[in-house]
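These notes concern the structure reproduced below.
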Amino acid sequence: MAVLSIRMIGDPVLRTPAVEVTEYGHELARLVQNMLETMHSVRGAGLAAPQVGVGLRVFTYAVDGAEGHVVNPELLSAEGVQNDDQEGCLSVPGIGFALPRAELVQLRGFDVTGQPMQLEAEGMLARCFQHESDHLDGRLYIDRLQGDDRRAAMRAIRHSQYNAVTTDTLTKRSSSVGSVFGIGGPSSGRRRTGA
Ligand code: ZN
């Protein structure tokens, strides 16, 4: 297994829709294992394959004890609204914003061996599934911000120091510097950050 390097905003792979997995085998298993290890190494709540430079529809997650991976995920339904939790992204470090997301989602996909699975999630896990599904479509959560939050995010990203922030984050990740996915939730403290 290996910890992979996480691609930062500005990398075209983050803006390229990922393609469906068609081969279930050793390569896919190794990718999922490496993504899990990478996600844990930065205390991430989730990680999508494009974030490690692989344009396949795969993501991993670890939220409040729920942990796993999904291959070729498809959101089946989304209900309700959650507004309160901050969302951040491992590929857009150093900033986080409250972003409305559906409160309850149903997701289907496959495990690493090709077995179909269906998952239901609420709250932070539902937020994670929506965030990671966006990544697979080449979309970042900051694209969904509006008004002052959007302007603030764009300002932060365009700021001349932002490249220094991403470099600093890459070097300090192992000491769990991250963005602020989930600050203030019921199990904050050592809660995972970023996705
Ligand atoms: Zn992300």
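Return yes or no: is Gly65 surrounded by fewer than 20 Cβ atoms within 10 Å (Cβ to Cβ), closer than 19 Å to Leu99 by Cβ, out of contact with any Phe, Trp or Tyr (no Cβ under 9 Å at 6 or more places or on another chain) and of a type in the set (Gly, Ala, Ser)? In short, no. Of all the listed residues (Gly147, Gly138), the sole one being touching a Ser or Thr at 6+ places or on another chain (Cβ under 6 Å) and small (Gly, Ala, Ser) is Gly138. Within region 109-117, does at least one residue satisfy the condition of being within 14 Å of the ligand (Cβ to nearest atom) and open to solvent by less than 10 Å² (accessible area, probe 1.4 Å)? Checked region 109-117: no residue is within 14 Å of the ligand (Cβ to nearest atom) and open to solvent by less than 10 Å² (accessible area, probe 1.4 Å). Give me a count of the residues in region 69-93 that are buried (at least 18 other Cβ atoms within 10 Å of the Cβ) and on the phi > 0 side of the Ramachandran plot. Count: 1. On inspection, His131 qualifies as out of contact with any Ser or Thr (no Cβ under 9 Å at 6 or more places or on another chain) and within 13 Å of the ligand (Cβ to nearest atom).
In the set Gly123, Gly46, Gly94, Gly53, only one residue is at pLDDT 95 or above, within 16 Å of the ligand (Cβ to nearest atom) and under 27 Å from Ala152 (Cβ atoms); that residue is Gly46. Examine region 139-162 for a residue that is open to solvent by 40 Å² or more (accessible area, probe 1.4 Å), of a type in the set (S, T, N, Q) and at pLDDT 70 or above, and state whether such a residue exists. Yes, because at least one residue in region 139-162 is open to solvent by 40 Å² or more (accessible area, probe 1.4 Å), of a type in the set (S, T, N, Q) and at pLDDT 70 or above. Is it the case that Glu23 is under 19 Å from Leu119 (Cα atoms) and either in contact with a His (Cβ under 8 Å, 6 or more places away or on another chain) or surrounded by fewer than 16 Cβ atoms within 10 Å (Cβ to Cβ) (or both)? No, not satisfied. Close Cβ contacts (under 7 Å, 6 or more residues apart or on different chains) running from residues in region 67-91 that are touching a residue at least 12 places away in the same chain (Cβ under 8 Å) to residues that are within 16 Å of the ligand (Cβ to nearest atom) and open to solvent by 70 Å² or more (accessible area, probe 1.4 Å) comprise Gln86/Ile183; Ser91/Arg7. Scan region 107-141 for residues that are over 21 Å from Cys89 (Cβ atoms) and touching a helix residue (DSSP H, G or I) at 6+ places or on another chain (Cβ under 7 Å) and the total you get is 1.
The values are calculated or read from the model by the stated rules, or taken from the named source; none is laboratory data. Since we're looking at a predicted model, the values are computed, not measured. Every residue, glycine among them, receives a Cβ derived from its backbone with ideal geometry; neighbour counts consider all protein chains shown. Heads up: the accessible areas ignore ligands, DNA and RNA and are worked out on the full protein's heavy atoms, side chains in. Shrake-Rupley method; radii C 1.70, N 1.55, O 1.52, S 1.80 Å.
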